């Protein structure tokens, strides 16, 4: 959503301007000047959800030097505002990728392409995301460890690293033994929910689900979400991890520095990085390791540009092959279907016209409260089993995102462009609800069977890569989504919402008119038309046993194929996508990786 202050009065502007200045100074992450040394012990590429953590933890040792190369710049006061998430997309903070045209999904999106925002800024995608703090299911990690050769990554192994980062500010949840205080990452509960949040939890109880902490011992159930927020503002990994390390003399941070190639010696050891800085090419050398933390799209892209990837693909582009590895394969993402929206007669949801007024801005900047503190309008989470899951297990295959707003809550300014809905669909299905209150129930497919890929478009390091998630190409995925959409409709029609007089959008979805409305076929048509990413790409540099031909890195996150001195540390190493939002797990991966690196016996010097 975008926010403007319309004809504000001068007395309101003066205190607001003062607080804005204070906030900007408080949250700034100073960057290094235009110079750097020729050698560093560690070079980290990317300062996002993983890279910022590594930068902090590795520089805890004053005897090692660390260089961080970040392709983007710094956060701004606008990025602090939690509810403004979608308005940050397609700005200079975003790589603004698009997928290849989809063959089984995205029929209602422009060009059949899905928009994939990725953070190009200090803090990476933790600056663009919806800030939800979700650890996922303990069985995800046990599955990695015991079924996919990722020894040392079971729940028992990774759980301490969630606690290590966390500084939970909720007065009740922070007392639970499965939460922690004192870490760098501030986790808190949004302070100003709408009345719809309580109705959502009441509705879940009426449907037989428990209201619980979904980061606790049992995941199945419903909750009011927690987010990575500090005093009502976004707590990105830049604020959480880079800001406390800013005075360390052994940390050098260079922004607007895009890595274009990893440099290797004759023994396939990574010895340095070539990067572009304001149009000039430079190189810097690593005494110990190069660590790629550029995310599930840019990490495989950089590896392939450097000669690590599928031989046939690299040779087709004339790139000399350093290691023939399945880089870019195994791409997975969480998606949700549109179409499950309810209009309301009561003025209780998050509508931009009411949210952007000067009083709410002052309330937010002064006290950290009000509707601007909403996690992108997400006011409820649920984890449920579809009828295709094992109901005896606490291993939900669907996540419910409850949005205290409808697609027209921002008058079509941000969400419409973020998803890329075709104009004719927007005009027929959504435009009639302009300026109306509402809520949406988005069921998220947690464990998709569909697999996609990332490939280079060319040898040009500044060309966007080719991305094909191949959404809904596995039949099981559409069956699970349709089942979850039926649940979402039932939830929205619960008596708990009755006092707000909700009404399910009743126009026939354009392109699906041939099917009986709300039948399985009709819902499947909607899901294949309005197919939206939940911004969780993972898996493209898969972790696994060195004997696994589909693996790119080993359980120490070292690149395979005879390469040394090179690791990948970010969401791309997940062998299987986790059953929940991916930001907290990515931070955990970096926390664990930092310890693995520190414990490494290898001490190579040029």
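Read-outs: derived from the displayed coordinates by stated rules, not from any lab. Just so it is clear, the structure is predicted and the values come from calculations on it, not from any experiment. Ideal geometry is used to build each Cβ from the backbone, glycine not excepted, and the neighbour counts take in all protein chains shown.
By its C-alpha gyration tensor, with a ≥ b ≥ c as the square roots of the eigenvalues, how is the range 254-334 shaped: rounded for a/c under 1.5, else prolate for a/b larger than b/c, else oblate?
It is oblate, given that a/c is not under 1.5 and a/b is not larger than b/c.
Return the label of the correct value of P(r) over Cα pairs in 10 Å bins from 0, in percent, as calculated from the structure shown, out of [x] 3, 17, 29, 27, 16, 6, 1, 0; [y] 3, 14, 21, 24, 21, 12, 4, 1, 0; [z] 3, 15, 19, 13, 10, 12, 14, 9, 4, 1, 0.
Label of the calculated value: [x].
Tell me the angle of helix 475-492 to the major Cα principal axis of the chain, expressed in degrees between 0 and 90 and rounded to the nearest ten.
Helix 475-492 sits at roughly 40 degrees to that axis.
In degrees between 0 and 90, to the nearest 10, how far off the longest principal axis of the chain does helix 10-27 point, with axes built from Cα atoms?
Around 40 degrees separate the two axes.
Quick check on the exposure proxy: order 291, 271 from fewest to most C-beta atoms within 10 angstrom.
271, 291
How much of the DSSP beta bridge set in the range 44-187 is antiparallel, as a percent to the nearest 5?
Antiparallel bridges make up about 35 percent of those DSSP assigns within the range 44-187.
Would you mind calculating the gained length between residue 231 and residue 174 on full extension (0.36 nm times residue separation, minus the Cα-Cα distance), in nm to one decimal?
Result for the pair: 18.9 nm of gain on full extension.
Helix 195-206: angle to the longest alpha-carbon principal axis of the chain, degrees 0 to 90, nearest 10?
90 degrees
Mean separation of Cα pairs under 8 Å and 6+ residues apart, divided by the residue count of the range 39-136: what relative contact order is that in percent? Before the final figure, lay out each step's value.
Details: 150 pairs, mean separation 29.2, N = 98.
Relative contact order, the range 39-136: 30 percent.
What percent antiparallel are the DSSP beta bridges of the chain, to the nearest 5? Please list the in-between numbers first.
On the way: 53 of 79 bridges.
Beta bridges within the chain, antiparallel portion: roughly 65 percent.
For Cα pairs less than 8 Å apart in space and 6+ apart in sequence, what is the mean separation divided by the residue count of the chain, i.e. the relative contact order in percent?
23 percent
Cut-off is 10 Å between beta-carbons; in what order do 505, 336 appear when sorted fewest neighbours first?
Working: 505 20, 336 25.
Sorted ascending by nearby Cβ count, the order is 505, 336.
Once a ≥ b ≥ c are taken as the square roots of the eigenvalues of the Cα gyration tensor of the range 53-154, is the result rounded (a/c under 1.5), prolate (a/b larger than b/c) or oblate (a/b not larger than b/c)?
oblate
I need the shape label for the range 321-433. Rule: rounded when a/c is under 1.5, else prolate if a/b > b/c, else oblate, with a, b, c from the alpha carbon gyration tensor.
Judged from the Cα gyration tensor, the range 321-433 comes out prolate (a/c at least 1.5, a/b above b/c).
Based on DSSP H runs of at least 4 residues, each adding -39500 (n - 2.57), what is the mean residue ellipticity at 222 nm of the chain after dividing by all its residues, to the nearest 500 deg cm²/dmol?
Result for the chain: -7000 deg cm²/dmol, rounded to the nearest 500.
Sequence gap at least 6, Cα distance under 8 Å: using those rules, report the relative contact order of the range 456-606 to the nearest whole percent.
13 percent
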